[in-house]
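**Q** Got a structure here, written out as structure tokens. Questions coming.
The values are calculated or read from the model by the stated rules, or taken from the named source; none is laboratory data. Small disclaimer: the values here were computed from a predicted structure and weren't measured. Cβ sites come from the backbone with ideal geometry, for glycine too, and all protein chains shown count toward neighbours.
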Amino acid sequence: MVIRSQVACEQIHEVDRFGARQAVTAFLTSIVVTVLLFGAVIYMARKRPPGTRLTWGEAFIAGAFIFLLFLMIYGVVPDRFLRWADGELKWRTDKIGIPMGPLYGPLHNWLGIGSHGVIAPNGIKFASPFNWASQRLHDWFGLGSGSGFAHNGVGGSGGAKVVVSASTVRDIVATLIYGVGLLAQILAWRWWQGRGKKAERPALEPVSAYGRPLTRGS
């Protein structure tokens, strides 16, 4: 019975590792496919002269291609990242601190940054303005105890503390993916509309040796 349970346990761990490997592979593959599709747009924009007539078939293919590109940017890439974060990285609500992901190993071993895969596992502390003000009032006027008028309530003696969970960082990264995609889309639109346009130089008005404009005839 012990041998069978150990074998079953090993099989479960193998399945978990295989699933995690699939998740990160799918995420990286989605990024590569998105970059290739975006590169195809740039290639076609440089190859096709501005103002070229567009047939119905070309318009249909171009529309389907752009739809696929948007689907990758706003659908597949964020989804693959969230699956990777929830699976292998385990960025859940019960994991307190800023997760370091794959960077934890080198940063912790070389620079000593992080603890148990996260930064600030006990929260991020900030100095409270109530503490500074109460200390000044205590020193100057003898008011309060020096640790706050209500040191067990507002302000406190230790300042403010913000607790960040791994799921919060996961959602922030997913939002940044959407933001980068939207910014790239806007810049691509602007670049596409400006193809073939050259900055017009203002016409120089002929002037005489004294700097006066020249006129024809009299």
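**Q** Under the condition of being part of a loop (DSSP other than H, G, I, E, B) and at pLDDT 65 or above, which residue from region 164-208 is nearest to Phe81 (Cα to Cα)? Write out each step before concluding.
**A** To start, the set of residues in region 164-208 that are part of a loop (DSSP other than H, G, I, E, B) comprises 164, 194-206, 208.
Still in the list and also at pLDDT 65 or above: 164, 194-198, 206.
Numbers: Val164: 19, Gly194: 34, Arg195: 34, Gly196: 38, Lys197: 39, Lys198: 41, Pro206: 63 Å.
Among them, the one singled out is Val164.
**Q** Applying the selection to region 45-65, what residues are without any contact (Cβ under 8 Å) to a residue 12 or more places away in the chain, of a type outside the set (Asp, Glu) and surrounded by 12 or more Cβ atoms within 10 Å (Cβ to Cβ)?
**A** Scanning region 45-65 gives Arg48, Ala62.
**Q** Now for a different question. How many of the residues in region 55-83 are among the aromatic types (Phe, Trp, Tyr) and either closer than 30 Å to Ala166 by Cβ or not in a helix (DSSP H, G or I) (or both)? I'd like the intermediate steps shown before the answer.
**A** First, pick out the residues of region 55-83 that are among the aromatic types (Phe, Trp, Tyr): 56, 60, 65, 67, 70, 74, 81.
Subset that is either closer than 30 Å to Ala166 by Cβ or not in a helix (DSSP H, G or I) (or both): 70, 74, 81.
Summing the residues that are among the aromatic types (Phe, Trp, Tyr) and either closer than 30 Å to Ala166 by Cβ or not in a helix (DSSP H, G or I) (or both) in region 55-83 gives 3.
**Q** While we're looking at this one, here's another question. Restricting attention to region 84-116, which residues are modelled with pLDDT under 75 and surrounded by 19 or more Cβ atoms within 10 Å (Cβ to Cβ)? Before the answer, list the steps.
**A** As a first pass, look at region 84-116 and keep what is modelled with pLDDT under 75: 100-116.
Listed by number, the residues that qualify are Met100, Gly114.
**Q** Just to be sure I understand, how many residues within region 90-108 are more than 17 Å from the chain's Cα centre (by Cα) and assigned to a loop (DSSP other than H, G, I, E, B)?
**A** Taking region 90-108 first, the residues more than 17 Å from the chain's Cα centre (by Cα) are 90, 92-97, 104-108.
Subsequent filtering for residues that are assigned to a loop (DSSP other than H, G, I, E, B) retains 90, 92-95, 97.
Number of matching residues: 6.
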